[in-house]
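The values are calculated or read from the model by the stated rules, or taken from the named source; none is laboratory data. Every value quoted in this text rests on a predicted model; they were computed, and no experiment measured them. Here Cβ is always computed from backbone atoms with ideal geometry, including for glycine, and neighbour counts include all displayed protein chains.
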Protein chains: 2
Amino acid sequence: MGVLPALLSERLGVPQVTLLSEVSVEDGQVTGRRDGAAATEPPTALSTVGSSRVPFRGDHQPGITEPAQAHGHLLALDLAPGAGRKEAAALLRRWTRTAEALMAGETPASRLHDTGIALDAGPSSLTVTFGFGRTFFDRTGLAARRPSALAPLPPFSADELDAGRSDGDLWVQIGADDALVAFHALRALQREADGTARVRWQMNGFNRSPGATAAPRTARNLMGQVDGTNNPKETDEDFRQRVFVPAGGDPEWMAGGSYAVVRRIRMLLDDWERVPLEGQEKVIGRRKSDGAPLSGGSETTPVDLDKRGPDGNPAIAADAHVRVTAPASNGGAAMLRRSFSYHDGFRDDGAPDAGLLFVAWQADPMRGFVPVQRKLDRGDALSRFIRHEASALFAVPGGARKGEYVGQRLFEG
Amino acid sequence: MGVLPALLSERLGVPQVTLLSEVSVEDGQVTGRRDGAAATEPPTALSTVGSSRVPFRGDHQPGITEPAQAHGHLLALDLAPGAGRKEAAALLRRWTRTAEALMAGETPASRLHDTGIALDAGPSSLTVTFGFGRTFFDRTGLAARRPSALAPLPPFSADELDAGRSDGDLWVQIGADDALVAFHALRALQREADGTARVRWQMNGFNRSPGATAAPRTARNLMGQVDGTNNPKETDEDFRQRVFVPAGGDPEWMAGGSYAVVRRIRMLLDDWERVPLEGQEKVIGRRKSDGAPLSGGSETTPVDLDKRGPDGNPAIAADAHVRVTAPASNGGAAMLRRSFSYHDGFRDDGAPDAGLLFVAWQADPMRGFVPVQRKLDRGDALSRFIRHEASALFAVPGGARKGEYVGQRLFEG
C-alpha cells in the first residue's frame, strides 16, 4: 500500500473522524459498521472522501475541531411571528434528529419526504452545528438565560456591515466534502424549520479538496496566503480552555459549548493583486510561497517579532498582520479559526465578490475575537485590502448527549 | 492494493486524463514526469484528486469529453471599446499560454505576477475551454467567417431570459476538482483580459466530489434526480460525429470544434419538493432511487416508450421528461450534456437560487439542442418546475495543435 495508510491516517486519524469500514449504499440508505477507531484500510481509497463520518453526539457539537470541509453553508434564521420557546424547542428536536441521521449518511426520518439529493453518496464528513444569537433569547422569553458573552461586538472602524446579512436568532453551520451532501443537508434542515423560522441570510463557502495537495497543508485563502498556521492545536495544553466553555461556567447550560464569531470579509482582490509579491509579504509578515515568517525559518517556526533585517529595520513590519495578531501582542488571546473562502461572482462594480467567511471559535469572545480585532482595527496593514461586510456572534451549546437534543439544557434546564 | 487500481483506472483511465507519476510541488511550481498512459499506481492515493492532469493540446479543446469536475466557472466577456481582431488574437495568444501552464499545474509566465492561490495543489484535472459568441464576429470584422450554426437560438415559451446574463463575445469554461485551483485559473485568465475584454457575466457551479460515492455513478442534480444516463458515450460509433465539427465542414476553421449551448436553468425546488416521490418519478419517467426507467430494468436499460402498466396506461407518461427527450422522439437528435449544478443562496422572494448550469455540446445546435428544446417546450411535465434564466451559444474551435493558439485558424486562416 506504500505511503497510503500513513497519509490516510495523518489526514483522517483525528479523533473525531472514523471510517465506515464496510459501506453499502442502496436507495440512499448508507449502512455500515462503525469501528471504534479509524480503520487503517478503508474499503476503497476512492470512497474515503465519501465514507468518512463524524459522530454527531459528544461533549461538543461537531464542526468545531474537525478539519474544515471542502464545502460549507452558513444559514441564519429568525423565528417566525408567533413562534416562541415551545416552537423553538420542537425545532431543535427535529433538527437534532435530522442532523444525526444526515451525519450518519442515513435518510432522515421526517414528516417530509427526502429530496434524494445525497442519494449514492456517503456521509462525506458532514457536520451540522447549531447556535443561538442574542435576539433569540428575547423572542423566546429566555432573556434571563442569555450568556453575557453574547453582548454585541463593539463597532470596528473597518466595518461596512450589512444588517440584513448579520446576526440572526438561529444559526446553522453545515460542512461536507461533497457539494451535494452539503446542499442536501441545507435543504433538509431549512424545510424542517418551515413555519417556525425563516431564512435571514445564507452564505456558501469552500476550502481545498481533500487530496488536492500531495500532503496535508495549511489552507490558503483567496489572497493566495497560507492562513491558519498559528491556530491553536488540539494537542496544546490550553486548547479546550480557550475554545470551550467549562463546566460550572456561566451560564451552566453552555458547558461544553463555544462562541462562534462569523464575519463576511470581502477581499479587495483587484487592489491586492496589484501589489508586488514583496509588498504582499510585508503586509502579512510571511513568505507567500510557504508561509514562513519573514523573521526566518519555515511555516511553523515561531514568529520572531524582535528580529531585525540587515538594514536594521524589524524583519516583521510594525503593521504586519502576523505581528498585530500574534498572541504575544494580545495578552495571549487566541481563537480557533475555521473559515471557508467564498466567491459569489462579480459585483456590479466589476470587482470579484470574494473573500473569507471567517468563523472563529472561543470560550469567551471578550478574550478571543474582540481584543484581536481591536488591535487589527488600529494598525493592521491588511485592513486596506479587506472589508468586513457582515458580522454575527452565536452561542453554540455543548454537544447533545445520548437521548438529548441540541440546546435541551437551555430550554429545559 | 486490493480494489484500488481497478477503481482508479475506471475513474481516471479515460483517454484524456493522465497522471503525473512523480509530482513535486515547490513554490507553486508543480513538476512531474508525464507518462504516455495512465499510471497504474499514483504516488499517493490521496493526491490523485490533485495530481490528475488533462492535456491542453489535441484535436479538441479540453473540458468537453472529460468527466465534469467538482467545481466549474463559466465566464463571458465582451470586447472593450476599441479592441478588435488584433487585440482579440493577442488575448487568445495570452490565454492559450496561460491555460496550458495552468492545466499542467505550473505557474503561468505572464506580465502579471501570479496570485499564488493554487500554490501547493496539483493540476486537479483543471480544464480551460474557450469559445466565441455571435457578437464577437461583428466586433472583430470577422462576420464573413461567422458559422451559420451561431444563428440566435429560437425563443422558447418557457424562457425568462436575463439579457445581462446571456450571450457574450467570448466565453471561458473552467473546471477543476479543487475550488482554489479553479478560482486561481479564473483570476489569472480574467486578469490577462484586462484592457481587452470586460466580464459580462460569470457563474459558479459544482458536481459531486470524486470519491463521494462508493463507485462512479451518474451525476444527480439538485432535484435529486439521476441526470445524464442517456448521454452519448465516447464508445458510441457516432459520438464524434454528433459532438464535433468534421474536417471540411463549414466553416473550415471550426474543424474539430463544437458548439456549446449554455442555459442557466433555475429549479423551483420549493414546488418540486412538495410533489410526492411517485409524482416526481412520473414527471421524469425514471425511478429516483436508481434512475431506472419506469418501463422497467435498471438505470441503463433502454427506455421502453411502448410499455404499458397493469392499468393499461403507458408506463412512461406522455409528458414524461424522459419520453420527450428520447432521441427516438427527436429524430435521433442527441447532444453531450456536461453540466454543473449551481446554488447562489436564497433569492429575495425566499426561494433558493439554485439549479443547473446546463452545458450541452454538439456538432450542430440545429440538430442537437434546438429540436430537443422545441419538443420540451411543447409538452415536458418538468417545465412547471424550472425556469430558463439565461442562454448563450458559443462556437468552440478545435484544440490548439503544437505551436498554435486557440482560435488561430479563425484569426489567421
B:Leu180: within 18 Å of B:Tyr342 (Cα to Cα), more than 16 Å from the chain's Cα centre (by Cα), modelled with pLDDT of 95 or more and buried (at least 23 other Cβ atoms within 10 Å of the Cβ), yes or no?
yes
If A:Leu222 satisfies every condition in (1) aliphatic (A, V, I, L, M); (2) within 13 Å of chain B (Cβ to nearest Cβ); (3) closer than 29 Å to A:Thr115 by Cα but one, which is the exception?
(3)
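Would you confirm whether or not region A:245-264 contains a residue that is out of contact with any His (no Cβ under 6 Å at 6 or more places or on another chain) and within 25 Å of B:Leu186 (Cβ to Cβ)? Reasoning before the result, please.
As a first pass, look at region A:245-264 and keep what is out of contact with any His (no Cβ under 6 Å at 6 or more places or on another chain): A:245-255, A:257-262, A:264.
Filter again for within 25 Å of B:Leu186 (Cβ to Cβ), leaving A:264.
Within region A:245-264 (the criterion being out of contact with any His (no Cβ under 6 Å at 6 or more places or on another chain) and within 25 Å of B:Leu186 (Cβ to Cβ)), the answer is yes, since at least one residue qualifies.
Are there any helices (runs of 4 or more DSSP H) wholly within region A:217-302 with 3 or more residues that are surrounded by 19 or more Cβ atoms within 10 Å (Cβ to Cβ), and if so which?
On the way: elements: A:239-243, A:269-274, A:277-284.
Result: A:269-274, A:277-284.
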Note: among A:Asp194, A:Asp178, A:Asp227, just one is under 30 Å from B:Arg274 (Cβ atoms), within 13 Å of chain B (Cβ to nearest Cβ) and touching a strand residue (DSSP E or B) at 6+ places or on another chain (Cβ under 7 Å), namely A:Asp178
Given the conditions (1) buried (at least 24 other Cβ atoms within 10 Å of the Cβ); (2) out of contact with any strand residue (DSSP E or B) (no Cβ under 9 Å at 6 or more places or on another chain); (3) farther than 25 Å from A:Ala188 by Cβ, report the number of the one that B:Gly211 does not fulfil.
(3)
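Kindly check whether there is at least one residue in region A:357-379 that is of a type outside the set (A, V, I, L, M), more than 25 Å from B:His73 (Cα to Cα) and within 14 Å of chain B (Cβ to nearest Cβ). If you could, list the steps in order and put the result at the bottom.
First, pick out the residues of region A:357-379 that are of a type outside the set (A, V, I, L, M): A:358, A:361-362, A:364-365, A:367-369, A:371, A:373-375, A:377-379.
From what is left, the residues that are more than 25 Å from B:His73 (Cα to Cα) are A:361-362, A:364-365, A:367-369, A:371, A:373-375, A:377-379.
The next check asks that each one be within 14 Å of chain B (Cβ to nearest Cβ); those that pass are none.
For region A:357-379, residues of a type outside the set (A, V, I, L, M), more than 25 Å from B:His73 (Cα to Cα) and within 14 Å of chain B (Cβ to nearest Cβ): absent.
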Can you name the condition, by its number, that A:Trp201 falls short on among (1) buried (at least 20 other Cβ atoms within 10 Å of the Cβ); (2) assigned to a helix (DSSP H, G or I)?
(2)
Reported set for region A:327-356 where residues are among the small types (Gly, Ala, Ser), more than 14 Å from chain B (Cβ to nearest Cβ), surrounded by fewer than 21 Cβ atoms within 10 Å (Cβ to Cβ) and assigned to a loop (DSSP other than H, G, I, E, B) is A:Gly331, A:Gly332
I need the full set of residues from region B:336-370 which are hydrophobic (A, V, I, L, M, F, W, C) and within 18 Å of B:Asn221 (Cα to Cα), in order please.
B:Leu336, B:Phe340, B:Phe346, B:Ala351, B:Ala354, B:Leu356, B:Leu357, B:Phe358, B:Val359, B:Ala360
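Assess whether A:Gly175 counts as being out of contact with any Lys or Arg (no Cβ under 8 Å at 6 or more places or on another chain), modelled with pLDDT of 95 or more and on the phi > 0 side of the Ramachandran plot.
Taking the combined requirement at face value, the residue does not satisfy it.
Given the criteria among the small types (Gly, Ala, Ser), part of a loop (DSSP other than H, G, I, E, B), under 28 Å from A:Val245 (Cβ atoms) and within 14 Å of another protein chain (Cβ to nearest Cβ), does A:Ser125 qualify? Spell out the reasoning first.
Working: among the small types (Gly, Ala, Ser): yes; part of a loop (DSSP other than H, G, I, E, B): yes; under 28 Å from A:Val245 (Cβ atoms): yes; within 14 Å of another protein chain (Cβ to nearest Cβ): yes.
When the stated conditions are applied, A:Ser125 passes them.
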Selection from region A:134-152 of residues in contact with a strand residue (DSSP E or B) (Cβ under 6 Å, 6 or more places away or on another chain) and outside any helix (DSSP H, G or I) yields A:Pro147
Number of the condition not met by B:Gly164 [criteria: (1) more than 12 Å from chain A (Cβ to nearest Cβ); (2) surrounded by fewer than 23 Cβ atoms within 10 Å (Cβ to Cβ); (3) modelled with pLDDT of 95 or more]:
(1)
Can you tell me which residue in region A:214-235 is nearest to A:Thr300 (Cα to Cα), limited to those that are modelled with pLDDT under 90 and over 17 Å from the mean Cα position of the chain (by Cα)?
A:Arg217
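Have a look at B:Gly256, B:Gly291, B:Gly205, B:Gly248 and point out the one that is farther than 27 Å from B:Arg347 by Cβ and within 11 Å of chain A (Cβ to nearest Cβ). Write out each step before concluding.
On the way: B:Gly256 fails: within 11 Å of chain A (Cβ to nearest Cβ); B:Gly205 fails: farther than 27 Å from B:Arg347 by Cβ; B:Gly248 fails: within 11 Å of chain A (Cβ to nearest Cβ).
Going through B:Gly256, B:Gly291, B:Gly205, B:Gly248 in turn, just one is farther than 27 Å from B:Arg347 by Cβ and within 11 Å of chain A (Cβ to nearest Cβ): B:Gly291.
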The conditions are (1) surrounded by fewer than 24 Cβ atoms within 10 Å (Cβ to Cβ); (2) more than 9 Å from every other protein chain (Cβ to nearest Cβ), and A:Val172 fails exactly one of them. Which is it?
(1)
B:Glu389 passes all but one of the listed conditions (1) among the acidic types (Asp, Glu); (2) buried (at least 20 other Cβ atoms within 10 Å of the Cβ); (3) within 23 Å of B:Thr135 (Cα to Cα); the exception is number (2)
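Please determine whether any residue of region A:381-397 is assigned to a loop (DSSP other than H, G, I, E, B), of a type outside the set (Phe, Trp, Tyr) and modelled with pLDDT under 95.
To start, the set of residues in region A:381-397 that are assigned to a loop (DSSP other than H, G, I, E, B) comprises A:397.
Cutting the leftovers down to of a type outside the set (Phe, Trp, Tyr) gives us A:397.
In the following step, the residues that additionally are modelled with pLDDT under 95 were identified as none.
No, because not a single residue in region A:381-397 is assigned to a loop (DSSP other than H, G, I, E, B), of a type outside the set (Phe, Trp, Tyr) and modelled with pLDDT under 95.
Enumerate the helices (runs of 4 or more DSSP H) found wholly within region B:1-113, keeping only those where 2 or more residues are closer than 17 Å to A:Gly211 by Cα, modelled with pLDDT under 50 and within 11 Å of another protein chain (Cβ to nearest Cβ).
Passing ranges, in order: B:4-12.
State whether one or more residues within region A:367-386 are in contact with a strand residue (DSSP E or B) (Cβ under 6 Å, 6 or more places away or on another chain), within 23 Å of A:Gly164 (Cα to Cα) and surrounded by fewer than 21 Cβ atoms within 10 Å (Cβ to Cβ). Steps first, please.
Going through region A:367-386, the residues in contact with a strand residue (DSSP E or B) (Cβ under 6 Å, 6 or more places away or on another chain) turn out to be A:368-369, A:386.
Remaining after also requiring within 23 Å of A:Gly164 (Cα to Cα): A:369, A:386.
From what's left, surrounded by fewer than 21 Cβ atoms within 10 Å (Cβ to Cβ): none.
No, there is no match, as no residue in region A:367-386 is in contact with a strand residue (DSSP E or B) (Cβ under 6 Å, 6 or more places away or on another chain), within 23 Å of A:Gly164 (Cα to Cα) and surrounded by fewer than 21 Cβ atoms within 10 Å (Cβ to Cβ).
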